[in-house]
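Undergrad: This is the structure I have questions about; it appears just below.
The values are calculated or read from the model by the stated rules, or taken from the named source; none is laboratory data. These numbers were taken from a predicted model, which means no experiment stands behind them. Because the Cβ atoms are built from the backbone with ideal geometry, glycine has one as well, and the counts that use them run over all protein chains shown. Keep in mind that these areas ignore ligands, DNA and RNA; they rest on the heavy atoms of the full protein, side chains included. Shrake-Rupley method; radii C 1.70, N 1.55, O 1.52, S 1.80 Å.
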Amino acid sequence: MLVSNWNNYPRVEAALRGFRSQEEARDILGQADMCIPRGLGRSYGDCSLGENIISPPGFRRFIHLDPEKGILECEAGTSLDQIISVIIPHGWFLPVTPGTSRITLGGAISSDVHGKNHHLHGAFGRHVLDLRLLTPQGHVLVCSKNENPEIFQAVCGGMGLLGLILSARISLLPLESVSIRQKTIPAYDLDELMALFESHHQSTYTVAWMDCLQRGRHLGRGLFMRGEHCRAGEAPCSGLTPPDSKGLGIPFSPPFRTLTPAGIRAFNSLYFHRKSRRTGCEYSNIESFFYPLDALYNWNLLYGKKGFLQYQFVLPRATSQAGLQKILQHITSFGLPPYLAVLKLLGPGEGTLSFPEYGYTLALDFPVCPGIFSLLNALDLVVQKLGGRIYLAKDARMKKHMLWQGYPGAREFVELKKRLDPENKLSSLQSRRLGLCQNPY
Ligand SMILES: Cc1cc2nc3c(=O)[nH]c(=O)nc-3n(C[C@H](O)[C@H](O)[C@H](O)COP(=O)(O)OP(=O)(O)OC[C@H]3O[C@@H](n4cnc5c(N)ncnc54)[C@H](O)[C@@H]3O)c2cc1C
C-alpha cells in the first residue's frame, strides 16, 4: 500500500504489519529484512517510512497508573490523546507535549519530542523513568538513566533505529485545572521577538508565531505567547475534564492547493493586527493552547496532493539572531514564503541523537512547489555555517553531510547501532539517506 507521513511527502509503497503482543513483535522483527517502526505517522518526512513497516498503534494497553505519585506505564502504541483523557481526571498532565496529541508514546520517545517548555523542562526523554526495548536480535532490555544508560540516551531521539520500544514508564506533571492563563504580546521585528523570549524565560510555556512575509524594518515581526497552568478555581471554566479530541475534518483531499501566498498574506496581516489588540491575560484550555491545529484533524490535506515540507532547524543561542535574520532574508528573496512559522527557545540537549540544543528553533511549513528545494538547500548552508542542525522528525530531504556535521553524537550512535543491530535490520528511508547504518562513511 502507499504510505506517507503527515506532510504527504514522500509517498512510498510499503508492507505494513501490526502486532498486539511482544511475541508477535519479536516474530515480525525476526523475519524482517530492513523494517522500521511507525507510530501514527505524525512526523514530516521519511523517518518512519521504508519497504517494511512495523506498526505499534495496535499495541496500546495502559499497564499501570499510580495516581498518588503521578507515574504512568503503558504500551508504546498508546497515543498521547488517550493518555491525556485518562490522566487529567486524576489531576495529572504530560510533562512535555508537542503541538499535536495524535502521536504515540513510542513516537514521542523516539523523536525525543519537545514542547513549549523545553527551556525549563527539557524534552520528553527526560521524563521517561524506564522503557522496555525489543532489540533486533530479539532480546528485551530494560533501559533507564541507571540501567543500560548508554542505550537509554540513544533510544530517546534514536528514530526507531535501535529497537522497538514496547512500553515505558513516565513521570507526570501535577495539574489543578485544565485552564491555561495565557498572554499574547506583539513584537514588531525579530529583535523585539527574541527579547521577549529572553525576558520571559521563567514562564513555563513560551512560543511565537512569526509573519515571514514581512521585509525591511518589520522583518521577523510576530506574536509572542506565554502560558501557565491555572490553580484550581482560578479560571471561569476550571476543573479536570479532559478535552474532546475528535476535531472537525475536511471531507476529501482537494486536487489543488487551497492555501496560496496571497491568502496567507491576508491571513497573516489580519491575525497579527487582531491579536495585537488583545494583549491582556486570557484564559484558554489545554486543547486550544497546546493543540490548536488538532481542531481540524486533517488540515494537512489543505496543501493539496503534492504535500508539504516542514523545515525545522535549531541554531546555537550565540548565532541565533544573525542566523534567523539571514534565513528570513533568503525566504523573502526567493519569494517562497512559508505558510506557518513557529519560533521557540530551547534549553540544553540531552539524548545522543536528540534534536534540541540551547538556542532558537524555527519550524517553517512550505508547500512542495517549484524552487522549494533550491530555497531549502540555501537555508541548509546558513544553518550549517552557524553550527545548527535540522530536526530528523521533520526531515525528508537533508543531505548526509548536514547530519554528520550537525549531530556530534552521530558517530557514537552508529557504533551502538552496530552492537545492537549487527545485521542492520532496522532502517528507514531516512537512515539510509543519512548514513545512520552500518557503514556510514
Ligand atoms: C501538527 C503537528 C505538530 C507537531 N509539533 C511538534 C512539536 O511541537 N515538537 C516536536 O518535537 N514534534 C512535533 N511534531 C512531530 C511529532 O511529534 C513527532 O514526529 C512524533 O515522533 C510523531 O510520533 P508518531 O507516533 O506519529 O510516530 P511516527 O511519526 O510514525 O514515527 C516517528 C519516529 O518514531 C519511531 N517510532 C515510532 N514508534 C516507535 C516504537 N514503538 N519504537 C521505536 N521507534 C518508534 C519511528 O521509527 C520514527 O523514527 C508535530 C507533528 C504534527 C503533525
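For (1) modelled with pLDDT under 95; (2) part of a loop (DSSP other than H, G, I, E, B); (3) open to solvent by 40 Å² or more (accessible area, probe 1.4 Å); (4) within 13 Å of the ligand (Cβ to nearest atom), each residue gets a yes or a no:
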{"site": "Pro338", "(1), (2), (3), (4)": "yes, yes, no, no"}
{"site": "Phe355", "(1), (2), (3), (4)": "no, yes, no, yes"}
{"site": "Asn377", "(1), (2), (3), (4)": "no, no, yes, no"}
{"site": "Leu381", "(1), (2), (3), (4)": "no, no, yes, no"}
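Undergrad: Output the residue which, of all residues in segment 398-441 that are hydroxyl-bearing (Ser, Thr, Tyr) and either outside any loop (DSSP other than H, G, I, E, B) or more than 25 Å from the chain's Cα centre (by Cα) (or both), is modelled with the lowest pLDDT.
TA: Per the criteria, the residue is Tyr441.
Undergrad: What number of residues in segment 147-172 are within 30 Å of Gly91 (Cα to Cα) and open to solvent by 40 Å² or more (accessible area, probe 1.4 Å)?
TA: Going through segment 147-172 one residue at a time, the tally reaches 3.
Undergrad: Please go through (1) under 20 Å from the mean Cα position of the chain (by Cα); (2) touching a residue at least 60 places away in the same chain (Cβ under 8 Å); (3) open to solvent by less than 10 Å² (accessible area, probe 1.4 Å); (4) more than 7 Å from the ligand (Cβ to nearest atom) for Val128 and return the number of the only condition it doesn't satisfy.
TA: (2)
Undergrad: Also: Could you list, in sequence order, all residues of segment 7-17 that are within 12 Å of the ligand (Cβ to nearest atom) and open to solvent by 30 Å² or more (accessible area, probe 1.4 Å)?
TA: Leu16
Undergrad: Here's another thing I want to ask about it. Pairs, please: C-beta under 6 Å, at least 6 apart or cross-chain, first residue more than 14 Å from Phe290 (Cα to Cα) and in segment 217-234, second hydrophobic (A, V, I, L, M, F, W, C) and assigned to a strand (DSSP E or B)?
TA: These pairs meet every condition: Gly222/Ala187; Gly222/Ala208; Gly222/Trp209; Gly222/Met210; Leu223/Trp209; Phe224/Ile185; Phe224/Ala187; Phe224/Ala208.
Undergrad: Follow-up. Taking segment 26-39 on its own, how many of its residues are of a type in the set (A, V, I, L, M) and modelled with pLDDT of 95 or more? It would help to see each step written out before you state the result.
TA: So the first thing to find is which residues in segment 26-39 are of a type in the set (A, V, I, L, M), and the list is 28-29, 32, 34, 36.
Checking which are modelled with pLDDT of 95 or more leaves us with 36.
Within segment 26-39, residues that are of a type in the set (A, V, I, L, M) and modelled with pLDDT of 95 or more number 1.
Undergrad: Identify all residues within segment 42-63 that are within 9 Å of the ligand (Cβ to nearest atom) and of a type in the set (A, V, I, L, M, F, W, C); write none if there are none.
TA: Scanning segment 42-63 gives Cys47, Leu49, Ile53, Ile54, Phe59.
Undergrad: Select from segment 64-78 the residues that are under 30 Å from Lys425 (Cβ atoms) and open to solvent by 10 Å² or more (accessible area, probe 1.4 Å) and write down the one among them that is farthest from the ligand (Cβ to nearest atom).
TA: Glu73
Undergrad: State which residue is surrounded by the most Cβ atoms within 10 Å (Cβ to Cβ) when the search covers only segment 39-63 and only residues that are in a strand (DSSP E or B) and in contact (Cβ under 8 Å) with a residue 40 or more places away in the chain.
TA: Step one: filter segment 39-63 for residues in a strand (DSSP E or B), giving 52-55, 62-63.
Remaining after also requiring in contact (Cβ under 8 Å) with a residue 40 or more places away in the chain: 53-54, 63.
Numbers: Ile53: 22, Ile54: 24, Ile63: 12.
Only one residue fits best here, namely Ile54.
Undergrad: Checking Leu133 against (1) open to solvent by 10 Å² or more (accessible area, probe 1.4 Å); (2) within 24 Å of Asp395 (Cβ to Cβ), which single condition isn't satisfied?
TA: Leu133 satisfies every listed condition except (1).
Conditions (1) at pLDDT 90 or above; (2) touching a helix residue (DSSP H, G or I) at 6+ places or on another chain (Cβ under 6 Å); (3) open to solvent by less than 40 Å² (accessible area, probe 1.4 Å), marked per residue:
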{"position": "Leu270", "(1), (2), (3)": "no, no, no"}
{"position": "His273", "(1), (2), (3)": "no, no, no"}
{"position": "Thr279", "(1), (2), (3)": "no, no, no"}
{"position": "Ser284", "(1), (2), (3)": "yes, no, yes"}
{"position": "Phe290", "(1), (2), (3)": "yes, no, yes"}
{"position": "Thr319", "(1), (2), (3)": "yes, no, yes"}
{"position": "His330", "(1), (2), (3)": "yes, yes, no"}
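Undergrad: Something else about it: Look at Pro348 and say whether it is part of a loop (DSSP other than H, G, I, E, B), more than 18 Å from Gly45 (Cα to Cα) and not acidic (Asp, Glu).
TA: Yes: the conditions hold for Pro348.
Undergrad: To continue, here is another question. Please work out if Ala208 is modelled with pLDDT of 95 or more, open to solvent by less than 20 Å² (accessible area, probe 1.4 Å) and more than 23 Å from Leu80 (Cα to Cα).
TA: Criteria met by Ala208.
Undergrad: Would you pick out the residues in segment 1-23 that are acidic (Asp, Glu) and within 29 Å of Ile63 (Cβ to Cβ)? First the steps, then the outcome.
TA: As a first pass, look at segment 1-23 and keep what is acidic (Asp, Glu): 13, 23.
Residue satisfying the conditions is Glu23 alone.
Undergrad: Hey, another quick one. For Ala195, are the conditions met, namely being more than 16 Å from the ligand (Cβ to nearest atom), open to solvent by less than 10 Å² (accessible area, probe 1.4 Å), more than 17 Å from the chain's Cα centre (by Cα) and assigned by TED's automatic domain parsing to the domain that holds Leu328? Don't jump to the end; show me each part of the working.
TA: Values: more than 16 Å from the ligand (Cβ to nearest atom): yes; open to solvent by less than 10 Å² (accessible area, probe 1.4 Å): no; more than 17 Å from the chain's Cα centre (by Cα): yes; assigned by TED's automatic domain parsing to the domain that holds Leu328: yes.
Spelling it out, it is not the case that Ala195 is more than 16 Å from the ligand (Cβ to nearest atom), open to solvent by less than 10 Å² (accessible area, probe 1.4 Å), more than 17 Å from the chain's Cα centre (by Cα) and assigned by TED's automatic domain parsing to the domain that holds Leu328.
Undergrad: Can you give me the number of residues within segment 8-61 that are more than 20 Å from the chain's Cα centre (by Cα) and aromatic (Phe, Trp, Tyr)?
TA: 2
Undergrad: Can I ask one more? Tell me which residues, restricted to segment 357-375, are part of a loop (DSSP other than H, G, I, E, B) and of a type in the set (Gly, Ala, Ser).
TA: Within segment 357-375, just Gly371 meets the criteria.
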